[in-house]
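Comments concern the structure below.
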Amino acid sequence: MDVLVKLSREELYDCDQASSLRWQMARLSGVTNQRRDDLRDDRDVDLLGIKAEMAVAKAYNLNFNPYALGIDAGVDMFSGDLGIDVKASFHRDGQLIFKKIDAFRADIAVFVTGSVDSDTLRIAGWIGRDRFEQVCEVLDTGNGRKAIAAPQKLLATPENLWAFLTNRKAN
């Protein structure tokens, strides 16, 4: 079962403002966006990413600061000492994608789908780094670019993530 997270007007405002700041800082620093979607610009991709992070933090009651600056080191938030990377796609049937195996630096990745214009995002599932390495496949993203991906059907459910995080906190 999908988990749908509706962001409030204030949360959407924070996401928009923070994504503008991130976009400006990253481009001024010479950091290129890792987007795989040639139909949208970097600003759209940054906005979707931060909205996805906000949705995961809201759904799982995790601390999240949308205004955190600096180069992304592969962890978007923590649950205790568990590092979480949030990945997003504009496509409801999209896949969890990393540029390469080494780019999966967090303990788990959570996959979210949504759109730039929507205030509701869908948490599609999650996967641990070890499991991702076992099931991922090389994906041709077009124009000779390759990535490593796992389809949604191989991800654990959002409800399972809630139970996993709750059990880790309790033990």
task: Using Cα pairs closer than 8 Å and at least 6 residues apart in sequence, work out the relative contact order for the chain, in percent.
output: 23 percent
- request: State, to one decimal in nm, how far the label point of Asn171 lies from the label point of Ser20, with both points 7 Å from Cα in the Cβ direction.
  value: 4.6 nm
field: Total lysine pairs under 27 Å (Cα atoms) in the chain, excluding pairs fewer than 8 apart on one chain
entry: 25
- request: List Ile148, Ile108, Ile50 from most exposed to least, where exposure is judged by having the fewest other Cβ atoms within 10 Å.
  value: Ile148, Ile108, Ile50
task: Could you line up Phe78, Phe98 from fewest to most neighbouring Cβ atoms inside 10 Å?
output: Phe78, Phe98
statement: Rounded to whole Å, √(5λ) for the Cα gyration tensor eigenvalues of the chain, largest first, gives 22, 20, 16
statement: Pseudo-spin-label distance Phe90 to Asp72, built 7 Å along Cα→Cβ, given in nm, is 1.6 nm
field: Label point distance in nm, Arg145-Asn65, each placed 7 Å from Cα along Cα→Cβ
entry: 3.0 nm
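Quick note: the coordinates plus some simple rules give every number you see, no bench work behind them. What you see is a predicted model; the values in this text were computed from it and never measured. As a convention, Cβ positions derive from the backbone with ideal geometry for all residues, glycine included, and neighbour counts pool all protein chains shown.
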